Structure formats: structure tokens, C-alpha cells
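Q: Next up is a structure, given as C-alpha cells.
Computed from the coordinates by the stated procedures, all read-outs in this text should not be read as laboratory data. For clarity, every value in this text was computed on a predicted model and none was experimentally measured. Cβ: placed from backbone, ideal geometry, glycine included. Neighbour counts: every protein chain shown.
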Amino acid sequence: MIRANLKPAVISAVVVVVLSGLLMGVRLDQDGTNLSLVGAGPDVYWKIAIAATFIFFYNLFRDHLARLWQSMPGMPKTPTQLVEASKKPVLRQLFWCFLIALAILWPFISNRGGTDLATLVLIYVMLGLGLNIVVGLAGLLDLGYVGFYAVGAYGYALLAMYFDIGFWTGLISAGLLAALFGFLLGFPVLRLRGDYLAIVTLGFGEIIRILLNNMTWLTNGPNGIGGIPKPTLFGLEFSRKASEGMQSFHDFVGIDYSSEHRVMFLYLLALLLVLITLFVINRLLRMPIGRAWEALREDEIACRALGINPTAVKLSAFTIGASFAGFAGCFFAARQGFISPESFTFIESAIILAIVVLGGMGSQIGVILAAIIMTILPEMAREFNEYRMLLFGLMMVLMMIWRPQGLLPMNRPHLELRT
Amino acid sequence: MPESLYYFIQQLLNGLTVGSTYALIAIGYTMVYGIIGMINFAHGEIYMIGSYIAFIVIAALAMFGIESVPLLIFAAFVISMVVTSAYGYSIERVAYRPLRGGNRLIPLISAIGMSIFLQNLVRIAQGSRDIAMPSLITGGIDIGPQDAFHASLSYMQMIIFAVTLVSMVLLTLFISRSRMGRACRACAEDLKMTNLLGINTNGIIALTFVIGAALAAIAGVLLGMYYGVINPYIGFMAGLKAFTAAVLGGIGSIPGAVLGGLLLGVTEAITAGYFSTEYKDVVAFGLLILILLFRPSGILGRPEVEKV
């Protein structure tokens, strides 16, 4: 058995050396106009050697490893009572209530940094939930989701700059604007098959970014837009001194000013938006249109035979998904106070997609969990910052190979025939 | 008005130059799509790696004191094609083969992950700044009057045309005449049936990834020398453009990819020459959306019939 594996093992070790030898073993060095090469250093050579040896032995003993893997005691199965119990609606409601209560209490038990980070998580949760409609429920791979996010953010920033509108009006207009963009883009492209759609939406995301970068007269180009107004609570501002004709929150309530109030308010606002998003999506899912999304993802031809108009259904998913990105974008712009096209690159789309995929396509609790993981891990692993994107790409590949259904796959409502 | 005519000719030549490299990359997309019906999202990164290997090889040989330009370029082509072939093969083995047969979105997502991985691998290994190389081939011929405004065709552009043409001819001969090529066409027709008839379809699929990668490496070497500047992020845009070219010509069709590449290159050059350089990418993607709107199967593609 080992002898039969020897040849593939040698070949794969050689391939590893070919792959990494030139590209990583030496480094191009620019010295004026001259180009020269420097060796990458012994640590890189060691890494290449270790990788090649590892691949060699892995391939040599792959049959043994596979057998060992099978004979290993599996993970202890979840007791059946627990599985049954987790399906009870009362317990599920209790679980959600507990989660929401924890989320509401979070800014009061955590410090300022923790609250700020949690706000960022909530923005990603919103984006993840929005993209989840398009990718997870309707099965349309949208790689330009960040384009709608950008439309929302810039929509609010520009409206505030030119027409002096407030946050709440801006929130609704940004959502509507993003939905309009989603509708206009979706109209031509939704007739396409999955992978065409992926690239076209990717192109769309790039178009938005290039336009924002180059329409300097409107968007200030790469310099971005600053001084975007912060959200207010029924007309109360969260600043030390209220602006002309406004009242500040701490005056109104009669407490001392603290900059933490604003952070907490932003967090609670984000939480409110996420809860509304969750509520709306859950209602939509139980409506005919939500059922149609999932049916279309499973089998388009069967859907057409049943009289569902695929384009209209896809368009609705696309538009609604885009509008949530618009809300998130508006909130993002208001929170940061400054936006530039740099915040809306393809990598952002890939991160949102990774959140949806990691969580398990279609699963909302999965999306929330994945958003928390994806936002907190890079913060914790600051020293790995250089390798962050590398590991991120690797994780996407490995996740698809080992657990394509995601961390917490969605429980689909289904009926089975009993025989 | 001869002056505007020469200006037009110049834009046309520039467009055809870039377009022929788009065509080379687009063939990789179209061949893989033709056989397994999936987009190799990491293809653009292969092109970028091809450029890097070429620069490394040329710098290495120059350090050993080899001055002969044809030898340098030949070595760059050969080594870069070998290395990128290994990358194409590995991408197929790691990101596509274990996932074949399931949901179509899954291999696409793993390929996006692969693309991010490769881009950052090169960024970490080679640094993220631009790397420039003095041009090896200078000079060219002038078209039109010497004393007034004229168009010029550089020797580098001629080499790009020639290499592209030779690669196309060789590829066409391979696909239409050789035994392996026949197996490729059979796989594109019906993968399962071909497998039943005793053809190693896994091998053929790996072969299409390798051929695509080698062609992308040729494009990488050519464009790397033409522009003289590379960085780890060039693969993303080039891949996107080449995919646009493949769709434009009709994905799955090799002549279509060539036609689409040239058309896209010329459109971009005309936009850059007459309107604005910033908007040439916008025009390219706008063209893609328009094509898909009016002729989703592309210029030379066959309309796809969906089977249950």
C-alpha cells in the first residue's frame, strides 16, 4: 500500500517545491531602476522544506490515516432528549429572549471599547442577514453586495451634505436608494445563471467604487466625505453642546455629559436595526414570497412549472437584500462620521459572503455567530495581522471542503414520508 | 484629417495589444467552463503569479550575467508556464475536485477563498509595493509621416501579437487534432458519457486547468514586460476583464474568447483615448451587462438549454 502511494507522494512533494520555490524562496528587490533578487532567508526555506515533507508523508500514509480517522471515536452525539427539547417552540423563544436581553444589557456591563466592537459586529450582522436573503435563501450569488452598502452610505452622506437632512430621514432614503439600485441592476442580470450573476454583481460593485472614486465634483473622490451628522434621539443630540435650535441628551435628562452615552446610544440603535431586520426577514420567510425564494433555490424548473415567475421572485430578493445593505450603509456613515471609497472594496464583499457561508447559508443564528467570530477574531489576533487575509482565504477553502453547510446549518421546514 | 486617423490607428493598436492578452486569459475561463460548467475564480491570480515568476527569472538570469534578450524572454516564458501549470493543477486538486457534483455555489466560494489566499501569499512573499522592470525590448516602427503626428507600433506590441497568434494556432491544433484534444471536446460534450467510455475525465479536467494556467502565464509575461510594472493586486482586475471577454464572445467557445478579448481591448482603448482613462473599467463592465441583457449566450456562444 505504501509502495503504491510512493509515486503520488513524491510528485506532490515536488509540486509543493515548484509552487513555493521561486515565488517564496527569493524576493524581488527594487533598487532604483535596477531589479535584483535576494534570498528570502533560512526560515522560509525551512518552511518550504517542512511543507514538502508534510505533504510527502501525508500522501504516503493517506490510507493509514483514513483508517485511523474512521476508527477514532466520533464526537459524542447530542442526547436525543436535548435535540427534541431544542425543537420546542417555548424553549426557542426563551433562548431568543435571553439572547436579546444579553444584547441589550451588554453596553451597561462592558466598557467603551467592548461596546464599540459590538456595534461593529451588529453592522456586520445586518449586512450578513441582508446578504443571507440573496445568497442563503434565494440562492443567488451576489459578489457586489458592498456596492449597495456603498450606495446607502454615500446616499445618506450626500443627502446630508447637500440637502441637510437628518439621520432618520436619511436612513429611510438610503434604504430606498439602495433598493432602487438593486432593482435596476437586478432587472437585466437576474435572468442569468448563478455564476454569471456572481461576476456581473462583482463588476457592479467595482463600477460603484470606481464612480465614487472619480466623480470628484459630487463625492469628493478618494478624499471621502467628512462631517456626516450623527444620529439623534427624537431630536436630542449626543454632544456636549447642542447645535443651534437643538437640545442635547444630557441636558434633557438632567445628567452630566459623558461621551460614553453616544457610544451606548449608537450600539442600542444598531441593535434596534438588527432586531427589526430579523423580525422583517422572519415574517417574510413565512409569507408566500419567502417560500418562493427557497423553492426557487431548490429547483427553478419545478417552480416555473408551478406558475412562479422566477424573475419577479429573484428581483424581490435582490431588492430587499439591497435595501438592508442600504440601511447598514447609512448607519455606518453616521457612526463613522467619515466615509471614503476605500471602505467599499471587494474584500468587504468577500468578508460578508464569508459570514453567510461560515454561518450556514440560510441560517440566521449562524449568521449572527459568524459575524461575531469574523469581527472579534481579527481584533484578538492583532499580531497575526499580516497573515489575516491569508488565513481568511484558507479558511474559506477548508470550510467548503469540510463543512459546506456551515457552522449552524438551517433547519428547513420539511415533511417526510413514513414507511 | 490624417492626424485624427493616426490617433485612431494608435488607439486601435493599443487596444488590440491589450485585447490579445485578455484573449489568452479568457481561454482559461472558457475551457474550464466548457467542461465542468464552473468559473475558475482564481484564474486572475495565476496571471499575476505568471508575471511575478517572469520578473524573478529575468532578474535571476541577469544577475548571473546573461545578457541575451531572446534567451531571457524564452526562459521567462518556459519557467513561468511550468510554475503556473503547477498552480493550475493544485487549484483543481484542492479547490475543485473534492467539491465537484454538489451545489454549484460551493466550488465558486472555495475558488474565491483560493484567490484571496494566493493574492496574499504573493503579497507576504514579495511585498505589496509596485515592482518595475526596465523594458528589455525598445523601439518600434512608425506608421505615417515622420515629421507630423503619427502612430507607432513598438516591437514589444509586435511580439505580443506574434506570441498570441502562435499560442492560438498551437491550441487550436491541439484541440482539433490530438487525441487528448479529442478527449477534451468529448468531455465538453458529455462528461459522464466520456467517463463511461474509458477516458480519464479527472485527468482531462486537470489538463484544462493546466492549459488555461499556461496561457494565463503567457499573458502575464507579455503584459508584465509591456507595462513594466507589477504588484500582487493586478490579477483581480485582469481576471475580471478576461471573464468579461469570455462572456462577451460566448463562454465555452474558444474563438469566442479570442473575439471577445480583442473587442474588449479595443473598446477600452477607444474609451481611454477619446473620453477618459478612469472610466474605461466602467465601460468594460457596462458592456458586459449590456451583452448579457441582449444576448446572454454571447457573440459566438450557443444558447444553453436547461435540462431537468
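Q: Can you work out ³J(HN,Hα) from phi for every residue in segment A:359-376, in order, using Karplus 6.51 cos²θ - 1.76 cosθ + 1.60 and θ = phi - 60°, giving whole Hz and x for Gly and Pro?
A: Once θ is set to phi - 60°, the couplings for segment A:359-376 become x, x, 4, x, 8, 7, 5, x, 4, 4, 4, 5, 4, 4, 4, 5, 8, 7 Hz.
Q: Can you sort B:Met114, B:Met156 from fewest to most other Cβ atoms within 10 Å of each residue's own Cβ?
A: If I rank by nearby Cβ atoms, fewest first, I get B:Met156, B:Met114.
Q: Springs between alpha-carbon pairs under 10 angstrom, Gaussian network model over chain B: which of B:Ser85, B:Ser276, B:Ser297 fluctuates most?
A: Maximum fluctuation in the GNM of chain B, among the listed residues, is at B:Ser276.
Q: Of all DSSP beta bridges located in the protein assembly as shown, what percent are antiparallel, nearest 5?
A: Roughly 90 percent of the beta bridges in the protein assembly as shown run antiparallel, per DSSP.
Q: So if we plug the beta-carbon distance of A:Leu102 and A:Met72 into 1/(1 + (r/R0)^6) with R0 = 41 Å, what FRET efficiency do we get, rounded to 0.05? Write down the numbers at each step before the final one.
A: Numbers: r = 36 Å, r/R0 = 0.88.
According to the calculation, E is roughly 0.70.
Q: Same structure again: Going out from 0 in 5 Å bins, what whole percent of all Cα-Cα distances in segment B:41-176 drops into each bin?
A: That works out to 2, 8, 12, 15, 16, 15, 13, 9, 5, 3, 1, 1, 0, in percent per bin.
Q: I would also like to ask the following. Would you order B:Val122, A:Val15 from fewest to most other beta-carbon atoms within 10 Å of each residue's own beta-carbon?
A: Final ranking by Cβ density, sparse to dense: A:Val15, B:Val122.
Q: Here's a follow-up. Output the Cα-based Rg and Dmax of the protein assembly as shown in Å, rounding Rg to one decimal and Dmax to a whole number.
A: Values for the protein assembly as shown (Cα only, Rg and Dmax): 27.5, 91 Å.
Q: Taking each full run of DSSP H in chain B as one helix, which ones are at least 18 Å long along their axis (Cα atoms) and have mean Kyte-Doolittle hydropathy of at least 0.5? Display every interim value, and only then the final one.
A: Details: long enough: B:2-36 (49 Å, 0.88); B:43-63 (30 Å, 1.59); B:69-91 (32 Å, 1.87); B:105-126 (31 Å, 1.44); B:155-177 (32 Å, 1.83); B:201-227 (38 Å, 1.78); B:234-249 (23 Å, 1.57); B:254-274 (30 Å, 1.34); B:280-294 (21 Å, 2.40).
Helix filter hits for chain B: B:2-36, B:43-63, B:69-91, B:105-126, B:155-177, B:201-227, B:234-249, B:254-274, B:280-294.
Q: What does the charge dipole of segment A:2-71 about its Cα centre add up to, to the nearest 20 debye, if the Cβ of each Lys and Arg holds +1 and the Cβ of each Asp and Glu holds -1?
A: 460
Q: Continuing with the same structure: What residue among B:Leu171, B:Phe161, B:Leu207 has its Cα farthest toward the positive end of the dipole of chain B, where the charges are +1 on Lys, Arg and -1 on Asp, Glu, each on the Cβ?
A: Farthest towards the positive end: B:Leu207.
Q: Continuing with this model, one more query. Would you mind pulling out the separation of the Cα centroids of segment B:104-154 and segment B:61-84, in Å?
A: 17
Q: Let me ask you something else. Can you give the helix-only mean residue ellipticity at 222 nm for chain A, where every DSSP H stretch with n ≥ 4 adds -39500 (n - 2.57) and the sum goes over all residues, rounded to the nearest 500 deg cm²/dmol? Each step should come with its number before you reach the end.
A: On the way: 18 runs with 290 residues, N = 419.
After summing the helix terms and dividing by residue count, I get -23000 deg cm²/dmol.
Q: Could you please rank B:Ser51, A:Ser363, A:Ser349, placing first whichever residue has the fewest other Cβ atoms within 10 Å of its Cβ?
A: Working: B:Ser51 32, A:Ser363 22, A:Ser349 25.
Result, fewest neighbours first: A:Ser363, A:Ser349, B:Ser51.
Q: Which distance in nm do the two modelled labels at A:Asn213 and A:Ile276 give, with both placed 7 Å along the Cα-to-Cβ direction?
A: Here the modelled spin labels are 3.3 nm apart.
Q: Mind listing the phi-derived Karplus ³J(HN,Hα) values for segment A:97-107, rounded to whole Hz, using 6.51, -1.76 and 1.60 with θ = phi - 60°, and x for any glycine or proline?
A: So the J values, rounded to whole Hz, are 4, 4, 4, 5, 4, 4, 5, 5, 6, 3, x.
Q: Here is a follow-up. Arranged from highest to lowest average of other beta-carbon atoms within 10 Å per residue, in what order do the peptides B:211-221, A:134-144, A:269-279 appear?
A: Those peptides, ordered most packed to least, come out B:211-221, A:134-144, A:269-279.
Q: So how far apart, in nm, are the two label points at A:Met380 and A:Tyr58 if each is 7 Å from Cα heading toward Cβ?
A: Each label point lies 7 Å from its Cα, and together they span 2.5 nm.
Q: Specify the angular offset, from 0 to 90 degrees and rounded to the nearest 10, of the alpha carbon long axis of helix A:288-298 from the longest principal axis of the alpha carbons in chain A.
A: For helix A:288-298, the angle is close to 20 degrees.
Q: Right, something else. Once both labels are modelled 7 Å past Cα along the beta-carbon direction, what's the B:Leu71-B:Leu196 spacing in nm?
A: Between B:Leu71 and B:Leu196, the label points sit 5.6 nm apart.
Q: Okay, next question. I'd like the distance separating the alpha-carbon centroids of segment B:1-51 and segment A:122-197, in whole Å.
A: What the calculation gives is 31 Å, centre to centre.
Q: Based on the alpha carbons, how large is the Rg to Rh ratio for segment B:2-294 when Rh follows Kirkwood?
A: The Rg/Rh ratio comes out at 0.98.
Q: On to the next question. Restricting to Cα pairs below 8 Å that are 6+ residues apart, what does the relative contact order work out to for chain A? Please round to a whole percent.
A: 24
Q: Right, next: Scattering from the C-alpha atoms of segment A:2-71 alone, worked out with Debye: what is log10 I(q)/I(0) at q = 0.13 1/Å?
A: Evaluating at q = 0.13 Å⁻¹ gives log10 I(q)/I(0) of -0.50.
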